[in-house]
1. How about segment 248-263: which of its residues are in a loop (DSSP other than H, G, I, E, B) and closer than 18 Å to residue 388 by Cα?
2. Considering only segment 11-18, I want to know if a residue exists there that is more than 8 Å from the ligand (Cβ to nearest atom) and assigned to a strand (DSSP E or B).
3. Mind counting the residues in segment 26-54 that are more than 8 Å from the ligand (Cβ to nearest atom), in contact with a Leu (Cβ under 6 Å, 6 or more places away or on another chain) and open to solvent by 10 Å² or more (accessible area, probe 1.4 Å)?
4. Just one of (1) open to solvent by 40 Å² or more (accessible area, probe 1.4 Å); (2) within 16 Å of the ligand (Cβ to nearest atom); (3) in contact with a His (Cβ under 7 Å, 6 or more places away or on another chain) trips up residue 189, so point out which.
5. Being crowded, with 21+ Cβ neighbours inside 10 Å, touching a residue at least 60 places away in the same chain (Cβ under 8 Å) and in a loop (DSSP other than H, G, I, E, B) is the filter here, so list the residues in segment 144-186 that pass it.
6. Could you please find all residues in segment 58-78 being open to solvent by less than 30 Å² (accessible area, probe 1.4 Å) and at pLDDT 95 or above?
7. Considering only segment 269-280, I want to know if a residue exists there that is surrounded by fewer than 20 Cβ atoms within 10 Å (Cβ to Cβ), within 10 Å of the ligand (Cβ to nearest atom) and within 23 Å of the chain's Cα centre (by Cα).
8. Scan segment 331-340 for residues that are crowded, with 16+ Cβ neighbours inside 10 Å and either within 16 Å of the ligand (Cβ to nearest atom) or not β-branched (Val, Ile, Thr) (or both) and jot them down.
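The values are calculated or read from the model by the stated rules, or taken from the named source; none is laboratory data. Predicted model only: the values in this text are computed from it and were never measured. Here the Cβ positions follow ideal geometry from the backbone for every residue, glycine too, while neighbour counts run over all protein chains shown. These area figures cover heavy atoms from the full protein model, side chains too; ligands, DNA and RNA do not enter into them. Shrake-Rupley method; radii C 1.70, N 1.55, O 1.52, S 1.80 Å.
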Amino acid sequence: MDAGQQRVAVVGGGIAGLTAALRLAEHGFKVDLFEAAPALGGRTKSFYDEDLQTWVDNGPHLMVGAYAATQKLLADVEASHHVTWQPNLCLPLWDKQRGFFALKAVAWLPVSLALLWAVAKMPNHGWASVKAMLKIALTMHNRNEKQTVAEWFAQIDAPDILIQDMLNVLCLGVMNEPLHTANAKTFARVLATSFSSQKNAKMGWFNKPLSQALIEPVAKKLRALGVCLALRHTVRNLSELDHDVVVLALPAFARNRLLGIEAEVETQIITNIHLWFAQHIALPSMMVGMLGTYSQWLFQVSAMMKEDGLQHLCVTVSADVSEQTQDECVRLVLAEIESMAGQKLAHPEKTRLIREKRATVLVREQQQLNLPQHVFDAGESPGPGQLPATIELAVISAEKTSALVINATKINA
Ligand SMILES: Cc1cc2nc3c(=O)[nH]c(=O)nc-3n(C[C@H](O)[C@H](O)[C@H](O)COP(=O)(O)OP(=O)(O)OC[C@H]3O[C@@H](n4cnc5c(N)ncnc54)[C@H](O)[C@@H]3O)c2cc1C
C-alpha cells in the first residue's frame, strides 16, 4: 500500500502534532488531526483578550540559535521572519546591588573564547568564574545519567556567583527545573549545543503572538495539503480511530491517560504575570533576567511585537513553588520592577496571571512503552541526555516519528 492510500490520525494539535501532520501530509498520507481544545497550538497558544482588544500568549517563548529543527519548520512554512534574533549573544541581567549588567559575547571571537571573556567582564566575576567555565566545558561530555546539575557544579567547585548569575538562570529557563533536581546530562547537552557556535548561542523571540507567528502558518499549509483539522475532539480511546496509523503527539501524562497507563509523570509549573501600563517604564533591553527576586525574567512584550498603545510587560517564573494569588503576585512583581526601573509605578491598567500547572514534562528515566504496531509516540517525554521539554524537542520528536511512519510504510509496501 502506498502512502497516499494510508490514513493517519494525529492526536494532539500542539506544535508536535502540527509538525507530524505536516511531514506526513507532505509525504502523501491522508491525515486527520484531532485536538481537544477549541484552538490549535497547545502550550504554544495565544488568546484574544476582549477587554484589551489584544492578543496574549500564555507565556513568552524564547528560541535559541541551536533550535535547528524549529528554524527549518519556520522556513518551510514561510514564517522565519516571525522571529527576531539577537545579532550575537547578550544575556541582560539585573540585581539590586549591581544594577543592570550583561553577559555579552563579542562577535569577532569564537564563541567559547567570547563567552569566557564575557564572564570575566561581569561585575564581581573574574578568574574564579572563568576557571569554573573551563571546567564545565572539559567535563560536559562525560556526565552520568543520574547526576543532578547541582552535584556536577559541586564536583567542579563552581563559585556561587557564577551559579547565581548564569547557571541557575539558564537551568531554570531551559529545563524549568532548579539545579538540585535537574538532570546534568541533559543540561550538559544544552550547554554543548547552545555554545558550539556564535549562530547557536544567540537568542530569538517571536515578533507576533504565537498563534500568528508559529501555529497559523503551519495550519495554513496543512489546510492546503488537505489535512482535516478536527477541533474540540478529545480522543478518549484508541478504538475510536479506524486509521491505518495513529501518531500520539501528547505530553507523557496525556498519552498515559489515553492509553490507560498508571505511571506517574513528573511535570513542572510556569507562572506568567502579564501587566499593561499606561505609564512608560524605561528598561534597557527587550528582556532582563532578574536575580535574587521572585520575578525571574521580565519581557517587554509590546516592544518585542512592535505594538503601539499600552506597554505590555510579562514576568515569567519557572518552577514556581509559591502559591500566591494573582493580587499577591502582582504586588510583589510591581515592587520588584519599581526597584529595577528606579521609578515609582502607578498600578497597571490591567493584569493577568497565567499559571500553567503542567508547563513541561521533566527529564526523567523513561519507561519502555508497548504500543500496538500501528501506534507511534511523538510526544514530550524527555530522558536523561535528551533535549529538555521545549519547542525544539517537540519538533524533533515529531520529525523522527514521521520518518519512522514513512519507513514502516515502505517496509510494508
Ligand atoms: C508558559 C510556558 C512557557 C514556555 N516557554 C518556552 C520557551 O521559552 N522555549 C521553548 O522552547 N519552550 C517553551 N515552553 C515549552 C513548549 O511550549 C512545549 O514544550 C511545547 O509547546 C510542547 O508541544 P507539544 O505539541 O508536545 O505539546 P502541547 O503543546 O501540550 O500539545 C498537546 C495537545 O494535545 C491536546 N490533547 C491532549 N489530550 C488530547 C486528547 N486525548 N485528544 C485530543 N487532543 C488532546 C492538548 O489540548 C494540546 O493542544 C514553554 C511552555 C509553557 C507552558
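1. Initially, segment 248-263 is screened for residues in a loop (DSSP other than H, G, I, E, B), giving 249-251, 260-263.
If the condition is that a residue be in a loop (DSSP other than H, G, I, E, B) and closer than 18 Å to residue 388 by Cα, then 249, 250, 251 are the ones that fit.
2. For segment 11-18, residues more than 8 Å from the ligand (Cβ to nearest atom) and assigned to a strand (DSSP E or B): absent.
3. Residues in segment 26-54 being more than 8 Å from the ligand (Cβ to nearest atom), in contact with a Leu (Cβ under 6 Å, 6 or more places away or on another chain) and open to solvent by 10 Å² or more (accessible area, probe 1.4 Å): 2 in total.
4. (3)
5. Correct list: 176, 177, 182.
6. Correct list: 63, 65, 66, 69, 70, 73, 74, 77.
7. Yes, segment 269-280 has at least one match.
8. Kept after step one, since they are crowded, with 16+ Cβ neighbours inside 10 Å, are these residues of segment 331-340: 332-334, 336-337, 340.
332, 333, 334, 336, 340, listed by residue number.
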